[in-house]
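The values are calculated or read from the model by the stated rules, or taken from the named source; none is laboratory data. Note that this is a predicted model, so its numbers are computed, not measured. Heads up, the Cβs are rebuilt from the backbone with ideal geometry, glycines too, and the neighbour counts pull from every protein chain shown. The protein model used for the area step is the full one, side chains on, heavy atoms only, and it has no ligands, DNA or RNA in it. Shrake-Rupley method; radii C 1.70, N 1.55, O 1.52, S 1.80 Å.
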Amino acid sequence: MINYAEDFLKYGEYAASGLYEEPEKSLFVRKARGLRRYYENCPLWKYEGKPLYPSGVAEKNVEIFPHYIDGFNFWLSDLKVNAPHLSDKIDEDFRVYKSVMPLQHTVAGNMYTHSMPNYERVLAEGLVSYGDRIKKIEDSDLREGLLDLLEGICDFIDRCVEYLRSENADEKLIRALEKVPKYPAENIYEAILSWNFVMYLDTIDNLGDLGRGLAPYWKGEDIIDLLGNLYDNLDINDGYSMSLDCSNPDFAEVCLEAAKGKRRPMIEFFVDENTPDRLWKKAFEVVRSGGGQPAFYNPKIFRDGLRAHFPEITEEDALRFCGGGCTEAMLSGITNVGSLDAGVNILYIFEGTLKEKLCSCETFDEFYSTFMSDAKHEVDYVLDCINLNREKRAVHDPLPMRTLLIDDCIDRGVEFNNFGARYSWSIISYAGLVNVIDSLLAVKTLVYDKKKYSAEDFLARLEKGEDPFVLELRELEMSHGRDIPEVNEFVKKFTTELFSFTDGKELWHGLGFLCSSILFNAHAAAGRRVGATPDGRRAGEPIADSLAAIFGKDTDGPTALLGSVTSIALDKALGVPVVNFNVQPDFHDEVLKSLVLGYMMKGGAQLQMTCMSKETLLDAYDHPENYKNLIVRVGGYSDYFNNLGNDMKMMIINRTIQASSLT
């Protein structure tokens, strides 16, 4: 009989060896044991004199290592060549769960589950204290696995301390790491060091509510370098975001200062009419530094909106609002959210209705109702797929680390993916939403209102894609982004109805569904699935990257653009819909502040900025070697311009950049 634990160990695959030490045990116990063995043996980060440890990217040199989505990342490329019986065994035992989501509705998301640990609890109590709570768990498998994992983590911390001593590291760092995160932090250095260590244990996903968690430990010390080190660690490992409010303005200012010129974390900066002027000034300084930070968030619309949508959320817990992943609505440390369980390609659905049913509809209302019926049917099917996926994942994909670090899994004695966290919901992103809005308006105007084209002629011209017809579609006055009352009224009606498709729908182990529109870097790939559409988009071209206007149609100024965005039913899109806004580097602070506040007073939810001239972007496209550190906001996140494909680069270049006066 093959001893898989020994065979994996021969190849230095410590995590996999742990998975097979006791193959008769439950999946949870086996995964926890795999994590323990990994942390007892994995290569440590090289010490390079940074104030925080770990720092940088881990030299994994293994093919099976911890990851927050499935508990482990299984690369297996070398094992498939050198030990195919081992890679086959992993495939057989640990790649059982596969999503049933239709491929066309996985735009930027397919059962993705971002989250963030309860960092504050670790800072206040220390990880060692978790053992007492774990021992009270009735489920023997859960109890055994978590105790195993906790012991492995404590051993890992001790290994790090021993290594740092061997490297004659800074004694302050060694003394602090002897204490945290095993035991409570007592000062700001220990708090940031503990936060950083826990972030690495969670395999660098999200920083969570940094201001809320760290500010109580800060007594005015200079922590710019510490925060910069923390941010860089998240960035170099492709981690995501953090939230920042103004409850402690001094601390918020320091957090913003540390973010200058950095790609990550994506800062979700909560602002309102009470935000101090010095924080506005600092935020705009950071925007000008070219990192795409911060994005501006309306805290009221999310905190109040989540409580209205999910009355189970307490007022205190709502204050923990934090976008996980890039922007997706979560509550720091206490949620299990299907951050993008599906990306419904609403434009793909529209194209099908247009081609198959336009010619049989005598009125626009009939066509509109037909499309909405098709869309609802497809969304219902997607929701069924999500529920089936969640049920399968609870059986086949337990996550010991998140069960340990996210409340209330331990106290309930329930595993994270079996929904032991305090709150759980699912986020559905609608892709191509603005394209559908403009397409519906074009059909209404040209086919039904003005009767310029018959349905047959309209479809024929659309398929041919001749320049005069495409130009007519792109220059149509009745388009989103121009703040036309009639258009806005239609947009409100359409998005309210569309976002209501998930209302009252039952979610397997969760409170329900939230809608959004987050595309990340997927709008180019999503567009390849869709033929020419009446918004003026040619076949295969990218779909809209956010809720702002289609590029080239937002030429009536920023006030008109943002006024149009607020006509969308944003109060029903609490998953955090993305709005890209692009400004020249010499913008006027006071004018931009007034614009952001005015947008939010009208119900605006989120606004993210790229501060870059078109000339710079064009030169970067032609001479990438000169712009290795150029950062832009994409569809919900920041990235290096050179990391993007050419089609994505051209999308960024073709965005309308608002003038510095913003008048």
* Cβ charges +1 (Lys, Arg) and -1 (Asp, Glu), total dipole of the chain, debye -> 400 debye
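Give me the percent of DSSP beta bridges within the chain that run antiparallel, rounded to the nearest 5.
Given both bridge residues lie in the chain, the antiparallel proportion sits at roughly 40 percent.
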* Structure fact -> Between Arg95 and Glu316, Cβ-based FRET efficiency (R0 45 Å, step 0.05) works out to 0.65
* **Range in the chain, longest, excluding exposed GluC sites (Glu not before Pro) [loop by DSSP; at most 12 other beta-carbon atoms within 10 Å]** => 507-663
* Counting only the backbone N, which residues of region 569-592 are under 11 Å from the spot 7 Å out from the Cα of Asp503 toward its beta-carbon? -> 572
* To do: May I have the extent of the alpha carbons of the chain along their three principal axes, as whole Å values ordered from largest to smallest?
  => 77, 59, 51
* In nanometres, what is the gap between the two model label sites at Lys355 and Asp622, each 7 Å from Cα along Cα-to-Cβ? -> 3.9 nm
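Would you kindly state how much longer the chain becomes between Ile236 and Lys10 on full extension, computed as 0.36 nm times their sequence separation minus their alpha carbon distance, in nm to one decimal?
78.3 nm is the gain from fully extending Ile236 to Lys10.
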* **Calculated from backbone phi, Karplus (6.51, -1.76, 1.60) coupling profile of region 103-112 in Hz, x at Gly/Pro** => 4, 5, 10, 10, 5, 6, x, 8, 6, 7
* Rolling a 1.4 angstrom probe over the protein heavy atoms, how many square angstrom per residue are accessible across region 288-373? -> 31 Å²
* **Within the accessible area of the chain (1.4 Å probe), percent carbon and sulfur** => 48 percent
* To do: Indicate the gyration tensor shape class of region 464-603 (rounded, prolate or oblate), computed on the Cα atoms with a ≥ b ≥ c the square roots of the eigenvalues: a/c under 1.5 is rounded; otherwise a/b larger than b/c is prolate and the rest oblate.
  => oblate
* Asked: Give or take rounding to whole Å, what are the principal axis extents of the alpha carbon atoms in region 151-244, in descending order?
  -> 36, 30, 23
* What whole-number value in Å² describes the accessible area per residue of region 189-268 for a 1.4 Å probe? -> 26 Å²
* **Most to least accessible of His67, His523 (protein chains only, probe 1.4 Å)** => His67, His523
* **16 Å cut-off, amide nitrogen to a point 7 angstrom out along Ile224 Cα→Cβ, residues in region 39-57** => none
* **Percent RCO, i.e. relative contact order, over region 10-83, from Cα pairs under 8 Å lying at least 6 residues apart** => 24 percent
* To do: Extending each Cα 7 Å along its Cβ direction at Met650 and Ser369, get the distance between those two points in nm, one decimal.
  => 4.1 nm
* Based on the Kirkwood radius over alpha-carbon pairs, what is the Stokes-Einstein translational diffusion coefficient of region 212-261 at 4 °C with 1.567 mPa s viscosity, in µm²/s? -> 113 µm²/s
* Asked: So which trypsin sites (Lys or Arg not before Pro) in region 601-648 are both in a DSSP loop and have at most 16 other Cβ atoms within 10 Å of their Cβ?
  -> Lys602, Lys628
* Asked: Under 5 Å between amide H atoms, partner at least 5 residues away or on a different chain: which partners does Gly324 have, H built in plane at 1.01 Å?
  -> Ala329, Met330
* Asked: Listed here are the pairs Lys60/Lys262; Lys392/Lys505; Lys10/Lys89; Lys300/Lys628; Lys10/Lys182; which of them are more than 27 Å apart at the Cα?
  -> Lys300/Lys628; Lys10/Lys182
* Structure fact -> The FRET efficiency for Lys602 and His85, from their Cβ-Cβ distance with R0 = 56 Å and rounded to 0.05, is 0.35
* Structure fact -> Here the residues of region 278-300 lying in the modelled label zone of Asp272, meaning backbone nitrogen under 13 Å from a point 7 Å along Cα-to-Cβ, are 297-300
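Averaging sequence separations of C-alpha pairs under 8 Å and six or more residues apart, then dividing by the length of region 438-493, give the relative contact order as a whole percent. Intermediate results must be reported in sequence, preceding the final value.
On the way: 27 pairs, mean separation 19.9, N = 56.
Relative contact order of region 438-493: 36 percent.
Which FRET efficiency value, to the nearest 0.05, do you get for Asn168 and Asn61 by plugging their Cβ-Cβ distance into 1/(1 + (r/R0)^6) with R0 = 41 Å?
0.95
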* To do: State, as an integer percentage, the relative contact order of region 334-461 based on alpha-carbon contacts under 8 Å between residues 6 or more apart.
  => 41 percent
* Asked: When all alpha-carbon pairs of region 413-490 are counted, what percent fall beyond 22 Å?
  -> 44 percent
